[in-house]
Amino acid sequence: MSLSSVQTLAAQTVQAVKDGRNLSDVLADIRREHPGLTAQERGALQDLAFGVQRFSGSLNAVLDSMLNKPLQRSDIRSLMLVALYQLAYSRNAEYAVVNEAVRAASRIGKGQYKSLCNALLRRFLREREALLRAAAGNEVGKYNLTAWWLQRLRADYPKHWHNIAAAFNRHPPMTLRINRRRMDAEGYLNVLREHGMDGTVLGSHALMLAEAVPVDALPLFAEGVVSVQDWGAQQAAEWLDVHDGERVLDACAAPGGKSGHLLEWADCRLTALDIDAYRLQRVRDNLQRLGLQAHTEAADAAAWASCYDGPPFDAVLADVPCTASGVVRRHPDIKWLRRPQDAAKTAAQQTLLLDRLWQLVKPGGRMLLATCSLFHEENDGQLQHFLQGHADAVCRRSETLLPNDRQDGFYYALLDKVG
Ligand SMILES: C[S@@+](CC[C@H](N)C(=O)[O-])C[C@H]1O[C@@H](n2cnc3c(N)ncnc32)[C@H](O)[C@@H]1O
C-alpha cells in the first residue's frame, strides 16, 4: 500500500473521531476491512492516527491560519491535518509526505483540491517556525487541550497542571509486567538483551522498553512470562496486596490486566466481572495465556452485587469506569471526545457501584477504589462522598499518581471495613 493510501486511512480516523468515535475502535475496524495491511503499514497508520489526535490543537490552529476561508470538504481537511502532523512532528521525508498527500487529495477530491493542498503544505514547509509559534499563541494550540480541560486541570492541580499537560503530549513508554511466578525484571531484561532489545528496570517485576515493539515480538509473551501494563496500573496489585486463599472480586475486570496481576501475586480465589461480554473474553484469553484461573461472569457489577448470596469477599478491586483522563497519552482522542459534564456522569455511576460493592466486603476486609482519571470529582471527591455515606469505612491511604515519563495518571484509595 502506498503512503498516500495510508494517509487516506489516517484521515478517515481523524474524521471518525471528529464524529465522536473512539480511535481504537476505528483502527480495529480499518484493520478488519483491510486485512492485507502489512505490520509496517499498520504501525504507520497507528502513528499518524494517534499523532494527529495528540497534536490536534496545534495542527488545527496552523491549518486555520493558512486558510483564507473554511475548507468545505472535511475529508480534505482531515487529510491536511495528517500531512501537517507528518511535516511538523514526524521524521517522514518531507517531499514524500507532500507528494503523496497531494496525490491522495487529488484522488479524494477528483482533481479539485490538488493545487490547494500542494500550496498549503509547501507554505507550511517555508514558514514552519512562524506558523507553529503563532499556533502556540492560544492555549488550545499550545497545550493541545480544550479550554475546559485546562480550566479543570488548573483547578484540580494548581501546582502541577502544567506538567500534566506537557506529559499528555509525550509518547507513552511500553511498559512490561513480568510474571513473578516465572521470572523477575532483571532476568527478563537479560532475555530481552539476548533478543537485541533493551529496557530500564522500574521495579522487581516491571520494566520499561527502550523502544516499543509489537506484543508478539516480545520473547516469552505467548508463554505467559510477560504482559504489557503501565507502571501506574501495576500499582493496584501492590495496594490490594492479596494473599493465598483470599476470596477476591475484580468487579470491572476487562481486559484483565489487573486480574492477571492479582493472580500472579498470590493464589487467591478470584471472581472477575465485567458488564461487557465481548471485553470479558479478553480477560479469559489473558488468563489462559498466563496459565491462571478465575471465575468470570459478564454482569453489571451493581446488579450482580444486589443479588449475590455467596460468602463475602476479603478484597474487592473496584477499578470503576471513569473519564480515563489520566491515560490521555495512550488515548489522545480522549482529549477531544470527552465533554465537561462527563466526569459528573461517571462519578454518579461510580457512587452506585461502590455502594453496592461495599456490601460484598467482609468485616475486616478491604476495597480498592481505582480510576485512571485525574479529575478530582472521580477521585478524592468520590472518596469523600463515599466516606460520608459509609460509617464502617476507613480510608487507609489514597494517592493520585500523576502522569510522567514512567507512568500514566491513576488514582487509588484503599478502604478498610471496620467490624
Ligand atoms: C477501567 S476499565 C477496567 C480495566 C481493568 N481493571 C484492567 O486492569 O484491565 C473499566 C471496565 O469497567 C467495565 N464496566 C463498566 N461499568 C460496569 C458495571 N456496571 N459493571 C461491571 N463492569 C463495568 C467496563 O466494561 C470496563 O471494561
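The values are calculated or read from the model by the stated rules, or taken from the named source; none is laboratory data. Owing to the predicted nature of the structure, the values given are computational and were not obtained by experimental measurement. Using ideal geometry, Cβ is built from the backbone for each residue, glycine included, and neighbour counts are taken over all protein chains shown. Surface accessibility is based on the protein's heavy atoms, side chains included, excluding ligands, DNA and RNA. Shrake-Rupley method; radii C 1.70, N 1.55, O 1.52, S 1.80 Å.
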Residues being of a type in the set (A, V, I, L, M) and assigned to a loop (DSSP other than H, G, I, E, B) - total across segment 243-287: 5
Qualifying residue in segment 193-214 (condition: assigned to a loop (DSSP other than H, G, I, E, B), open to solvent by 10 Å² or more (accessible area, probe 1.4 Å) and either more than 25 Å from Asp405 (Cα to Cα) or in the same structural domain as Ala413 (by the TED database) (or both)): no
Contacts under 7 angstrom Cβ, first residue in segment 100-115 being free of Cβ contacts under 8 Å to residues at least 40 places away in the same chain and within 12 Å of Gln7 (Cα to Cα), partner part of a helix (DSSP H, G or I) and open to solvent by 90 Å² or more (accessible area, probe 1.4 Å), 6 or more apart: Val102/Lys114; Ala105/Lys114
Within segment 261-270, considering residues that are touching a residue at least 40 places away in the same chain (Cβ under 8 Å) and either buried (at least 24 other Cβ atoms within 10 Å of the Cβ) or of a type in the set (S, T, N, Q) (or both), the one farthest from the ligand (Cβ to nearest atom): Leu262
Asp276 being buried (at least 24 other Cβ atoms within 10 Å of the Cβ) and near the ligand (Cβ under 10 Å from one of its atoms): no
Of all residues in segment 368-389 being in contact with a helix residue (DSSP H, G or I) (Cβ under 6 Å, 6 or more places away or on another chain) and open to solvent by less than 30 Å² (accessible area, probe 1.4 Å), the one that is farthest from the ligand (Cβ to nearest atom): Phe386
Residue count, segment 298-316 (criterion: within 7 Å of the ligand (Cβ to nearest atom) and either on the phi > 0 side of the Ramachandran plot or open to solvent by less than 10 Å² (accessible area, probe 1.4 Å) (or both)): 2
Complete set of residues in segment 53-95 that are within 17 Å of Ser106 (Cα to Cα), among the polar types (S, T, N, Q) and in contact (Cβ under 8 Å) with a residue 12 or more places away in the chain: Ser74, Ser78
Members of segment 234-258 that are within 14 Å of the ligand (Cβ to nearest atom), more than 24 Å from Leu202 (Cβ to Cβ) and without any contact (Cβ under 8 Å) to a residue 40 or more places away in the chain: Ala254
Residue in segment 64-75 that is open to solvent by less than 10 Å² (accessible area, probe 1.4 Å) and assigned by the TED database to the domain that holds Cys117 present: no
Meets criteria (within 9 Å of the ligand (Cβ to nearest atom) and either touching a residue at least 24 places away in the same chain (Cβ under 8 Å) or crowded, with 23+ Cβ neighbours inside 10 Å (or both)) for Pro321: yes
Any hit, segment 25-33, residues being in a helix (DSSP H, G or I), buried (at least 19 other Cβ atoms within 10 Å of the Cβ), touching a Lys or Arg at 6+ places or on another chain (Cβ under 8 Å) and of a type outside the set (Lys, Arg): no
Test: residue in segment 299-321 that is within 30 Å of Phe55 (Cβ to Cβ) and part of a loop (DSSP other than H, G, I, E, B): yes
